[in-house]
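A.B. asks: Here's a structure for you.
Only the coordinates and a few stated rules stand behind these numbers; no lab work does. Please read these numbers as outputs of a predicted model, since none were measured by experiment. So basically every Cβ, Gly included, is an ideal-geometry build from the backbone, and we count neighbours across all protein chains shown.
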Amino acid sequence: MSQFFQIHPDNPQNRLINQTVDILQRGGVIAYPTDSGYALGCCLGDKAAQDTIRDIRRVDKEHNFTIVCRDLTEISTYAKVGNSAFRLIKTLTPGPFTFILPATRDVPRRLQNPKRKTIGLRIPDNHIAQAIIESLGEPLMSSTLILPEDELPLTDPYDIRQTLEHRLELVIDGGFCGFEPTTVIGLEEELPILLRQGQGDVTGVID
C-alpha cells in the first residue's frame, strides 16, 4: 500500500520532502502535483521504475517521458539549446510548458524519441515539484497521470491513492492543480512550433 503525504502547496514541509526523496532514491514511483495536473515520477536513471510507469499507463517503448527540471541550468545538460530557444524558454518558465528539443548524449536512449532523438523538458511552476527536484539534486523522469481507460488525467489525490495504492510507493496530496495539459512547443528548428495548445499561453510569443 502506498504512503500518503499531505504537503502544503505553498510551504512544503522539509521533513516530507526529504522522505519523498528517500522513496525515489530507493526506486519508488510517486504521484505528485505539478502546475498542470498530477504526474507520475521516478529517478532519471531508474529503468525498473520507468517500466512501472509504462505498465500503469499501458504505453509502449515509444512513449515520450518528460524530464522535469528545476531551472534553466539543468536544461543544457539534457538538451541542445540554441540562443533563441534559450531566450524563449527563459521567457516562459517556470510554467505549464513542455519543450521538445534535440537530446544530448547525457540522456539515456530509452528516454529519447526513438525516431527523432528528441526529449521533452519542462520547468513547472509548482512549489512541491520544485522542492522535490531541489532536494533530489537532479531532474525527475515524469509522465502525466492518465490511466489507459481515461481521456483526462486524475486530479484528486484520494482517487489516485484508491486506484493505484498497490502500484505506487507514494501519493502526494498537494491540493487541486487542474487537469489541462501543458502547452507543447517544438524547438528542434530555428523557429518554434506550437505542437499542442494547453494551459500555457503563448500569445505574443509564438506567431
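A.B. asks: Name all residues of segment 145-160 having a backbone nitrogen under 19 Å from the label point set 7 Å from the Cα of Gln19 along its Cα→Cβ direction, giving them as ranges.
C.D. replies: 157-160
A.B. asks: A further question on this structure: Just to confirm the number: angle between the C-alpha axis of helix 14-25 and the first principal axis of the chain, 0 to 90 degrees, nearest 10?
C.D. replies: Its long axis makes an angle of about 80 degrees.
A.B. asks: Considering only DSSP beta bridges with both partners in segment 3-196, what is the antiparallel share in %, to the nearest 5? Don't skip to the end; give the middle numbers.
C.D. replies: Numbers: 21 of 35 bridges.
Rounded to the nearest five, the antiparallel share is 60 percent.
A.B. asks: Between the DSSP loop rule and a limit of at most 14 other Cβ atoms within 10 Å, which trypsin sites (Lys or Arg not before Pro) in segment 123-207 are left? Before the final figure, lay out each step's value.
C.D. replies: Details: sites: Arg161, Arg167, Arg196; in loops: Arg167.
In loop regions of segment 123-207 (DSSP not H, G, I, E or B), the sparsely surrounded trypsin sites (Lys or Arg not before Pro) are Arg167.
A.B. asks: Skipping prolines and chain starts, which residues have an amide H placed within reach, meaning under 5 Å, of the one on Leu44, given they are 5 or more residues away or on another chain?
C.D. replies: Met141
A.B. asks: With r as the distance between the Cβ atoms of Glu180 and Ser84 and R0 = 25 Å, compute the FRET efficiency 1/(1 + (r/R0)^6) and round to 0.05. Before the final figure, lay out the partial values.
C.D. replies: On the way: r = 27 Å, r/R0 = 1.08.
Efficiency, rounded to the nearest 0.05: 0.40.
A.B. asks: Residue by residue, what Karplus-based ³J(HN,Hα) values in Hz, rounded to whole numbers, does segment 44-49 have, using 6.51, -1.76 and 1.60 with θ = phi - 60° and x for Gly and Pro?
C.D. replies: 4, x, 8, 5, 4, 5
A.B. asks: Determine the calculated [θ] at 222 nm for the chain from helices alone, applying -39500 (n - 2.57) to every DSSP H run no shorter than 4 residues and normalising by the residue count; nearest 500 deg cm²/dmol.
C.D. replies: Working: 6 runs with 58 residues, N = 207.
Only helices count here, giving -8000 deg cm²/dmol.
A.B. asks: For segment 89-102, what does the Karplus curve 6.51 cos²θ - 1.76 cosθ + 1.60, with θ = phi - 60°, yield as ³J(HN,Hα) per residue in whole Hz, taken in order and with x for Gly and Pro?
C.D. replies: Calculated HN-Hα couplings, in order: 4, 4, 5, 9, 10, x, x, x, 10, 10, 10, 9, 9, x Hz.
A.B. asks: Can you list residues from other chains, or at least 5 along the same chain, whose modelled amide H is less than 5 Å from the amide H of Glu169?
C.D. replies: Result for Glu169 returns Val29.
A.B. asks: What net charge do the residues around Leu24 carry, taking every other residue with its C-beta under 12 Å from that of Leu24, with Lys and Arg at +1 and Asp and Glu at -1?
C.D. replies: Details: positive: Arg26; negative: Asp22, Asp46, Glu138, Glu169.
Combined, the nearby Lys, Arg, Asp and Glu give -3.
A.B. asks: Using modelled amide H (1.01 Å from N, peptide plane; none on Pro or chain starts), what sits under 5 Å from the amide H of Ala39, excluding residues fewer than 5 places away?
C.D. replies: Tyr32, Thr34, Leu145
A.B. asks: Also: Where does the charge balance sit around Leu147 when Lys and Arg score +1, Asp and Glu -1, over other residues with C-beta under 14 Å from its C-beta?
C.D. replies: -2
A.B. asks: Quick check on the exposure proxy: order Asp60, Asp150, Asp156, Asp46 from fewest to most C-beta atoms within 10 angstrom. Before the final figure, lay out the partial values.
C.D. replies: Working: Asp60 6, Asp150 9, Asp156 12, Asp46 18.
Exposure proxy ranking, most exposed first: Asp60, Asp150, Asp156, Asp46.
A.B. asks: What number comes out for the charge environment of Pro9, summing +1 per Lys or Arg and -1 per Asp or Glu over other residues with Cβ under 11 Å away? Present the calculation step by step, with values, prior to reporting the outcome.
C.D. replies: Working: positive: none; negative: Asp10, Asp35, Asp173.
So the surrounding residues net to -3.
A.B. asks: Step through the residues of segment 146-158 one at a time and calculate ³J(HN,Hα) from phi using the Karplus curve (6.51 cos²θ - 1.76 cosθ + 1.60, θ = phi - 60°), rounding each to whole Hz and writing x for Gly and Pro.
C.D. replies: Karplus values, whole Hz, x for Gly and Pro: 10, 7, x, 8, 10, 9, 10, x, 5, 10, 9, x, 6.
A.B. asks: Going through segment 1-66, which chymotrypsin sites (Phe, Trp or Tyr not before Pro) have at most 14 other Cβ atoms within 10 Å and a DSSP loop state?
C.D. replies: On the way: sites: Phe4, Phe5, Tyr38, Phe65; in loops: Phe65.
Taking segment 1-66 and a limit of 14 other Cβ atoms within 10 Å, no loop chymotrypsin sites (Phe, Trp or Tyr not before Pro) are found.
A.B. asks: Full-extension gain between Ile193 and Asp10, please, as 0.36 nm times their residue separation minus the C-alpha to C-alpha distance.
C.D. replies: On the way: separation 183, 0.36 × 183 = 65.88 nm, distance 3.28 nm.
Value of the extension gain: 62.6 nm.
A.B. asks: Let me ask something else about it. Using a ≥ b ≥ c from the Cα gyration tensor of segment 1-87 (square roots of the eigenvalues), is it rounded, prolate or oblate, where a/c under 1.5 gives rounded and otherwise the larger of a/b and b/c decides, a/b for prolate? Please report the intermediate quantities before stating the final value.
C.D. replies: Numbers: a/c = 1.96, a/b = 1.22, b/c = 1.61.
Oblate, since a/c reaches 1.5 and b/c is not below a/b.
A.B. asks: Follow-up question, since we're still on this one. How big is the charge dipole of the chain about its Cα centre, in debye rounded to the nearest 20, if each Lys and Arg gets +1 on its Cβ and each Asp and Glu gets -1 on its Cβ? Spell out each step's value before the answer.
C.D. replies: On the way: 21 positive and 28 negative charges, 163 e Å.
Computed charge dipole of the chain: roughly 780 debye.
A.B. asks: Further question: Could you identify which residue out of Cys43, Cys69, Cys177 has the top mean-square fluctuation in a GNM of the chain using Cα springs shorter than 10 Å?
C.D. replies: Cys177
A.B. asks: Of Glu190, Glu169, Glu74, which has the largest mean-square fluctuation in a 10 Å C-alpha GNM of the chain?
C.D. replies: Glu190
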